[in-house]
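Visitor: Take this structure, written in structure tokens, and hold onto it; I'll ask about it next.
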Amino acid sequence: MTASPPKTSAPYGTPQNPWRRPDGTVIACTEKLKVMQENLAELRQCALDALQDAVLMGCDEAQVKAAFMVEIETLSSGYTP
């Protein structure tokens with residue numbers, strides 16, 4: 001079973017939209033949840049910095065966001081679940 005898109009607008013990692021394992025069970029370990037929250041914040045800041053750089057250099061914001069999505073969609077962990 002793979003993770004499906006959230007059915008709520010609640011942020012990932014909240015009780016309304018928890019992180020799940022591939023089998024659908026909820027991840028409840030507070031340390032794991034803390035690491036995921038920190039990683040998402042770091043990823044967001046890095047993406048924001050890159051977006052702002054691109055716009056300052058004259059790139060179209062929507063095109064840059066689309067390029068980011070392609071990069072994200074082509075990521076693979078290299079691990080088997």
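The values are calculated or read from the model by the stated rules, or taken from the named source; none is laboratory data. Quick caveat: nothing in here was measured; it's all calculated off a predicted structure. All Cβ positions, glycine included, derive from the backbone under ideal geometry; neighbour counts span all protein chains shown.
Visitor: Of the residues V70, V55, V26, which is touching a helix residue (DSSP H, G or I) at 6+ places or on another chain (Cβ under 8 Å) and aliphatic (A, V, I, L, M)?
Guide: Result: V55 is the single residue among V70, V55, V26 that is touching a helix residue (DSSP H, G or I) at 6+ places or on another chain (Cβ under 8 Å) and aliphatic (A, V, I, L, M).
Visitor: When you scan the stretch 58-68, do you find a residue that is assigned to a helix (DSSP H, G or I) and in contact with an Asp or Glu (Cβ under 8 Å, 6 or more places away or on another chain), even just one?
Guide: There is no residue in the stretch 58-68 that is assigned to a helix (DSSP H, G or I) and in contact with an Asp or Glu (Cβ under 8 Å, 6 or more places away or on another chain).
Visitor: Out of everything in the stretch 13-44 that is of a type in the set (G, A, S) and under 26 Å from E71 (Cα atoms), what residue ends up being farthest from the chain's Cα centre (by Cα)?
Guide: G24
Visitor: Is it the case that the stretch 29-45 has a residue that's touching a Pro at 6+ places or on another chain (Cβ under 9 Å), loosely packed, with under 10 Cβ neighbours inside 10 Å and modelled with pLDDT under 95?
Guide: For the stretch 29-45, residues touching a Pro at 6+ places or on another chain (Cβ under 9 Å), loosely packed, with under 10 Cβ neighbours inside 10 Å and modelled with pLDDT under 95: absent.
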